[in-house]
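Below is one structure, written out as C-alpha cells, with a few remarks after it.
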Amino acid sequence: MKARIILFTGKGGVGKTTVAAATAIKTSRSGKKTLIISTDPAHSLSDSLQTALNPYPTKINDNLYGMEVNVEYELERHWSIIKEYLTLFFKSQGIDDVIAEELAIFPGFDEVASLLHLLNFYEEREYDVIILDCAPTGETLRLLSVPEVAKWYMNRFFGIEKRVLKIVKPIAEPIINLPLPTDDVLDKIQDMYVKMGKLKEILESDDTVVRLVMNPERMVVKESERAFTYLNLFGYRVDCVIVNKVFPEEVGEYFSEWVKIQRKNLKEIEEKFPVTLFKIPFKSAEIVGNLLYDLSDSLYDGEDPLNIFSHEKPMRIEKIGDEFILAVRAPFVKKEELNLMKRGEELIIIAGKWKRILFLPQSLAMREPSGASFNNGEIHIKFG
C-alpha cells in the first residue's frame, strides 16, 4: 500500500511543528506506522517531541518515528563525490581549505536532501504515513519548486552539457586552470535530477496533500493567501487550513480587543479559503512533550487526519466540443498580475513574482492557445 504524504507549512512561529507532531502522534496511535521528517534547517521537532532525533529514522514510540535532516551528514554519506569536486574547485581558486569545505555545502541542498528522503521512503513502502514538517512558507515554496526546476533542467540542458564536457575537457582544463567535473560527478547529479522528476509525480498525486497552518492575524492570513495561490499554481493540493492559537470568547478585558480582531480575521479566513477549516484553541501552556498527545485527541475535530478534506484538484483538463480547456487554480491573484505564454510543449504561467513552467500533455502541446480568461480564482486557457 502506498503511503499518505502530508506536508505542513505556514509562516514562521504559527505552530506548524506542533500541529505536524500532533498529527503524527494521532496517525501512529491509530495503528499506522508513521515517519515525521523535519525539513527546516532550524530544527524544532526534537524540542517539540522532547526526544533527541537523528538524521535518519529514530523510534519515538510504537509506530512513530522521527528524523531531522542534517546537510553535512547527507553530503558525507550520500553525495561525497559532489562535495569533493566542489571543494577541489574552490581550492583551485585560491580559497582557504576550511572556507572551501563550507562553500561545498551548496545553498538549497537541505531542501534537496529532504525531498530525496521522501522519495526513498515512499518507494520502499516501509511507512503508512510520511509527514513533512516544512520550513517557513517562503522556503517551503522554494522546496516544492525544486522538482519542477530539476525536470526542466534535465529535459533542456543536462544531456547537452555532458556531451560537450566530454569533448572539451581534455583541451579546456589545462588552459582555464579549473578542474572540470568527472563523469562520476555528472552521473551523480544526473541521478539526483532523475529522482526529482519521479518526486514531482508523487507530490502531485492523490497520495499527497499540503496543509497550511496559520494564526488569525492579518499579516499571517495575507502570507497564507499567497502560499495557497502558489501551491495551487505548482499543482500541489491544499486540502485544509488549520488556524492555531484561537482565543476563547471569555478572556477578560485585557485581551478583549484581541478577541475582536481574531473574530474578524477568522470570518475572512472562512470566506476566502475554499477548503476545510480546523481551529485549535489557545492553550494555557506550551504544547510540547506529553501535551502533544492531548492535542492529538482533539485535532481535526475527531476526524481521521488521513482523510482528504478537499478533493478539488489544482489543475484539470476538460474537453468542450473540439476545444480543450486547461483550468489552473490561482486564488488571491489579481488579473493584472497574471501573464501566460506558450513555447513549444511548455506553458509558462507568471503570477506576481512566481513563474511556473508547465509541461503540456500531448493533447495540448500540439495545439495553440486560442484564448484565456480568469474567473473566480481560476485561469482558463483554451486550446483550439
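The values are calculated or read from the model by the stated rules, or taken from the named source; none is laboratory data. Note that the structure is a prediction, hence the values are computed from the model and not measured. When we count neighbours, we look across all protein chains shown, and the Cβ atoms used for this are built from the backbone with ideal geometry, even at glycine. The area values use the complete protein model at the heavy-atom level, side chains included, leaving out ligands, DNA and RNA. Shrake-Rupley method; radii C 1.70, N 1.55, O 1.52, S 1.80 Å.
Distant-in-sequence amide contacts of residue 210, defined by a placed amide H-H separation under 5 Å and a gap of 5 or more residues or a different chain, comprise 7, 237, 238, 239. Evaluating 6.51 cos²θ - 1.76 cosθ + 1.60 at θ = phi - 60° for every residue in segment 115-130, the Karplus couplings come out as 5, 5, 4, 4, 4, 4, 5, 5, 6, 6, 6, 7, 10, 7, 9, 10 Hz, glycine and proline recorded as x.
Accessible area per residue, 1.4 Å probe, Å², for segment 232-382: what's the number?
Roughly 57 Å² per residue, with all protein chains present.
Rounded, prolate or oblate: pick one for segment 1-76, where a ≥ b ≥ c are the square roots of the eigenvalues of its C-alpha gyration tensor, a/c under 1.5 means rounded, and failing that, prolate if a/b is larger than b/c, else oblate. Oblate shape, in that a/c is at least 1.5 and b/c is the bigger or equal ratio. Sort segment 222-278 into rounded, prolate or oblate with this rule: let a ≥ b ≥ c be the square roots of the eigenvalues of the Cα gyration tensor; rounded if a/c is under 1.5, and if a/c is not under 1.5, prolate when a/b is larger than b/c, oblate otherwise. Prolate is the answer for segment 222-278, as a/c is 1.5 or above and a/b outweighs b/c. Note on residue 260 and residue 73: their simple-model spin labels are 5.0 nm apart, each label 7 Å out from Cα toward Cβ. One chain, two ends: residue 372 and residue 312. Fully extended at 0.36 nm per residue, the span grows by 19.5 nm beyond their Cα-Cα distance.
Peptides 359-372, 6-19, 222-235, 112-125 ordered by packing proxy, namely the average of other Cβ atoms within 10 Å per residue, highest first: 6-19, 222-235, 112-125, 359-372. Between residue 348 and residue 336, the contour length at 0.36 nm per residue exceeds the alpha carbon distance by 2.7 nm. The largest accessible area among 315, 341 belongs to the first residue in 341, 315, and the rest follow in falling order (1.4 Å probe, all chains). The alpha-carbon of residue 334 sits under 13 angstrom from the alpha-carbons of these aspartates and glutamates, leaving out residues fewer than 8 places away in its chain: 225, 378.
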